[in-house]
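A.B. asks: Below is a structure I'd like to ask you about.
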Amino acid sequence: MWSNEVIEQKIDYIHNNPVVAGFVDFDYEYLHSSARDYGGNKVLVTVITT
């Protein structure tokens, strides 16, 4: 991954997969997604950025 823009694109793609699959309406609703952390919701996955 060569830039922050590409990293954000990949994160958005991963977060959107459960929505495209029809499991949830919004990415943060998927229980095991880091999208919950990015949205400020209660999380099961802790995201640590440096």
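What follows is calculated from the coordinates using simple rules that are stated; it is not laboratory data. Here the structure is a predicted model, which is why all the values come from computation and not from measurement. So basically every Cβ, Gly included, is an ideal-geometry build from the backbone, and we count neighbours across all protein chains shown.
A.B. asks: Using 0.36 nm per residue, how much length does the chain from residue 6 to residue 24 gain when fully extended, once their Cα-Cα distance is taken away?
C.D. replies: Difference between extended and current length: 4.0 nm.
A.B. asks: So, one more: Could you give me the ³J(HN,Hα) list for region 27-34, computed from phi with Karplus coefficients 6.51, -1.76, 1.60 and θ = phi - 60°, whole Hz, x at Gly and Pro?
C.D. replies: Coupling constants for region 27-34: 4, 6, 7, 6, 4, 9, 9, 6 Hz.
A.B. asks: Which net charge results for the neighbourhood of residue 16, defined as the other residues with beta-carbon distances under 13 angstrom from its beta-carbon, given Lys and Arg at +1 and Asp and Glu at -1?
C.D. replies: For residues surrounding residue 16, the net value is -4.
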